[in-house]
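The values are calculated or read from the model by the stated rules, or taken from the named source; none is laboratory data. It should be emphasised that the depicted structure is a prediction, and the values quoted were computed from it without experimental measurement. Here the Cβ positions follow ideal geometry from the backbone for every residue, glycine too, while neighbour counts run over all protein chains shown.
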Amino acid sequence: MGEKYTLDVCGEVCPMPVIKTKAMLDKMKSGDILEVIVDYPPSKENVKRLAEHEGCKVTIEEGAKIKLIIEK
């Protein structure tokens with residue numbers, strides 16, 4: 001199991017959550033996990049699309065805030 005990172009982009013609207021997620025993914029190694037926390041529904045879809053485009057596995061946990069668990 002790799003490293004685990006958290007990126008909280010609550011209060012931010014696109015494209016910032018996607019840009020910050022891409023920057024984090026670029027630094028990570030295969031097997032690392034990135035938890036992205038968003039509160040803006042379009043960000044959920046945009047970050048998910050980016051991660052899948054990068055070849056990552058994405059799990060989404062819906063709650064008061066939305067967590068995208070991205071496995072590189």
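Overview of values
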item: Matching residues in the stretch 22-45 - criterion: being under 12 Å from Lys72 (Cα atoms) and either touching a strand residue (DSSP E or B) at 6+ places or on another chain (Cβ under 9 Å) or surrounded by fewer than 13 Cβ atoms within 10 Å (Cβ to Cβ) (or both); result: Met24, Leu25, Asp26, Lys27, Met28, Lys29, Ser30, Gly31, Asp32, Ile33, Leu34, Glu35
item: Only one of Lys48, Lys67 that is surrounded by 18 or more Cβ atoms within 10 Å (Cβ to Cβ), within 12 Å of the chain's Cα centre (by Cα), at pLDDT 95 or above and charged (D, E, K, R); result: Lys48
item: Check on Lys48, free of Cβ contacts under 8 Å to residues at least 40 places away in the same chain and part of a helix (DSSP H, G or I); result: yes
item: Some residue of the stretch 21-28 being outside any helix (DSSP H, G or I) and within 20 Å of Gly2 (Cα to Cα); result: yes
item: Subset of the stretch 1-20 that is in a helix (DSSP H, G or I) and among the β-branched types (Val, Ile, Thr) - its residue that is nearest to Lys44 (Cα to Cα); result: Val18
item: Near pairs, Cβ below 6 angstrom, 6+ apart or cross-chain, from the stretch 54-71 (under 12 Å from Cys10 (Cα atoms)) to any residue that is at pLDDT 95 or above and part of a loop (DSSP other than H, G, I, E, B); result: Lys65/Asp39
item: Residues located in the stretch 51-72, provided they are in contact with a strand residue (DSSP E or B) (Cβ under 6 Å, 6 or more places away or on another chain), outside any helix (DSSP H, G or I) and within 20 Å of Glu3 (Cβ to Cβ); result: Cys56, Lys57, Val58, Thr59, Glu61, Lys67, Leu68, Ile69, Ile70, Glu71
item: For Ser43: the one exception among (1) in a loop (DSSP other than H, G, I, E, B); (2) small (Gly, Ala, Ser); (3) touching a helix residue (DSSP H, G or I) at 6+ places or on another chain (Cβ under 9 Å); result: (1)
item: The stretch 11-21 - residue that is more than 12 Å from the chain's Cα centre (by Cα) and closer than 15 Å to Lys65 by Cβ and, of those, surrounded by the fewest Cβ atoms within 10 Å (Cβ to Cβ); result: Gly11
item: Residue list for the stretch 51-64, filter: surrounded by 12 or more Cβ atoms within 10 Å (Cβ to Cβ), of a type in the set (Asp, Glu) and more than 13 Å from Met28 (Cβ to Cβ); result: Glu52
